[in-house]
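Working notes, beginning with the structure itself.
The values are calculated or read from the model by the stated rules, or taken from the named source; none is laboratory data. Computed from a predicted structure; not experimentally measured. Because the Cβ atoms are built from the backbone with ideal geometry, glycine has one as well, and the counts that use them run over all protein chains shown. Side chains included, ligands, DNA and RNA excluded: accessible areas come from the protein's heavy atoms. Shrake-Rupley method; radii C 1.70, N 1.55, O 1.52, S 1.80 Å.
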Amino acid sequence: MTAELQVPNELPSLSWTLTQEQINAYAEVAGASDPIHVDPEFAKETPLGGTIGQGFLLFAVMAEQITRGLDHPESWLSDGVLDIRFRAPARPGDRLTMRAVRMAEERGPNDQAATYEVWCEGPDGQRLIDGTTDIPLGAFG
Amino acid sequence: MSNPEAPDLTFDGMAVGDVLVDSTVTVTAESIAQFRRSIATDTATLDGLEEGYAPPTMAAMWTVPRVMFREWNVPVGGIHARQRWQCTRPIRAGSALRVRISLKEKYVRKDRPWVVFESRLSDLDGVDVACGEMTVVWPV
């Protein structure tokens, strides 16, 4: 089944600059205002030395980017899996890049899904987030 | 912001299997638009939206924190370590969702308290919409 479909080796990548304004907007929408995200004066005095982006925000951006890279996103919306670990914080002003590259070995539950390694790089190439996503083959054709 | 009037949510006060939230929220077109704006990475991504569908993680990233922070006084300073999310049905404007959040695991590793929350969302007919797991290093 996979061979009959045009399953891309890589989904469209995304680069953008995280801003404090976006962090604040997400905090307001989610109703979650942990000062480590939204209070620069408080965050400056913590071991992190400044505010950081919410894990939920980065997760949501990643999922949205995957959705936009699919021919038939409704399939992903009906049976997609995204599983990531947060390795290091993303800070306001960081240029972030998200990528999704198909894994050589499928690790999905069956042959009806393609598995991609996903990650978010910081400005120096360090992986701030990494994990996998299983995308139903129906999303590709 | 956490609700200071609500009970404190503490590591010692939680037990595996506890249902922390069982609530209903309605996803509106306005809330979808607000959520999209908050996760947009440039204004171009706001053009040509797939009207009707909510972003795939909206259930997790909008409904779960909203109900959690409404019903509990959650301490600040937790570290979000891992997130797993599975969609089983698209969410559309007007959807009413039942949100259940429970404690799946709780342990201490390297002297730090860890918790794993499980969230399950379904429509009001009981059909699953999404489920997720969130691993957090609990603030001390």
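How about the range A:23-33: which of its residues are in contact (Cβ under 8 Å) with a residue 12 or more places away in the chain, buried (at least 21 other Cβ atoms within 10 Å of the Cβ) and more than 18 Å from the chain's Cα centre (by Cα)?
Passing the criteria: only A:Ala32.
Conditions (1) part of a loop (DSSP other than H, G, I, E, B); (2) in contact with a Leu (Cβ under 9 Å, 6 or more places away or on another chain); (3) open to solvent by less than 20 Å² (accessible area, probe 1.4 Å); (4) not β-branched (Val, Ile, Thr), marked per residue:
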{"position": "B:Val76", "(1), (2), (3), (4)": "yes, no, no, no"}
{"position": "B:His80", "(1), (2), (3), (4)": "no, no, no, yes"}
{"position": "B:Gln86", "(1), (2), (3), (4)": "no, yes, no, yes"}
{"position": "B:Val99", "(1), (2), (3), (4)": "no, yes, yes, no"}
{"position": "B:Pro113", "(1), (2), (3), (4)": "no, no, yes, yes"}
{"position": "B:Val116", "(1), (2), (3), (4)": "no, yes, yes, no"}
{"position": "B:Ala130", "(1), (2), (3), (4)": "no, yes, yes, yes"}
{"position": "B:Glu133", "(1), (2), (3), (4)": "no, no, no, yes"}
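If you go through the range B:28-74 one residue at a time, how many are surrounded by fewer than 17 Cβ atoms within 10 Å (Cβ to Cβ), more than 19 Å from A:Leu58 (Cβ to Cβ) and either modelled with pLDDT under 75 or in contact with a His (Cβ under 8 Å, 6 or more places away or on another chain) (or both)?
The number of residues fulfilling the criteria is 8.
Condition (residue is in contact (Cβ under 8 Å) with a residue 40 or more places away in the chain and either at the interface with another protein chain (Cβ under 8 Å from one of its Cβ atoms) or surrounded by fewer than 20 Cβ atoms within 10 Å (Cβ to Cβ) (or both)) applied to the range A:34-48: is it met by at least one residue?
So in the range A:34-48, the residues in contact (Cβ under 8 Å) with a residue 40 or more places away in the chain come out as A:48.
The next check asks that each one be either at the interface with another protein chain (Cβ under 8 Å from one of its Cβ atoms) or surrounded by fewer than 20 Cβ atoms within 10 Å (Cβ to Cβ) (or both); those that pass are A:48.
Yes: one or more hits.
Somewhere in the range B:17-25, is a residue touching a residue at least 24 places away in the same chain (Cβ under 8 Å), crowded, with 16+ Cβ neighbours inside 10 Å and over 16 Å from the mean Cα position of the chain (by Cα)?
no
Filter the range A:75-100 down to the residues that are in contact (Cβ under 8 Å) with a residue 60 or more places away in the chain, on the phi < 0 side of the Ramachandran plot and open to solvent by 10 Å² or more (accessible area, probe 1.4 Å) and list them by number. Talk me through it step by step, then tell me what you get.
The initial filter retains those residues of the range A:75-100 that are in contact (Cβ under 8 Å) with a residue 60 or more places away in the chain, namely A:75-76, A:90-100.
Restricting the remaining residues to those that are on the phi < 0 side of the Ramachandran plot gives A:75-76, A:90-92, A:94-100.
Within the range A:75-100, A:Ser75, A:Arg91, A:Pro92, A:Asp94, A:Arg95, A:Thr97, A:Arg99 qualify.
I'd like to check something: does the range A:11-22 contain any residue that is assigned to a helix (DSSP H, G or I), open to solvent by 10 Å² or more (accessible area, probe 1.4 Å) and away from chain B (no Cβ under 12 Å)?
Here is the first cut: in the range A:11-22, the residues assigned to a helix (DSSP H, G or I) are A:20-22.
If we keep only those that are open to solvent by 10 Å² or more (accessible area, probe 1.4 Å) too, we end up with A:20-22.
Those left that are additionally away from chain B (no Cβ under 12 Å): A:20.
Scanning the range A:11-22, I find at least one residue that is assigned to a helix (DSSP H, G or I), open to solvent by 10 Å² or more (accessible area, probe 1.4 Å) and away from chain B (no Cβ under 12 Å), so the answer is yes.
Would you mind stating whether A:Gly31 is at positive phi and more than 10 Å from chain B (Cβ to nearest Cβ)?
Numbers: at positive phi: yes; more than 10 Å from chain B (Cβ to nearest Cβ): no.
Here the answer is no, as A:Gly31 does not meet what is asked.
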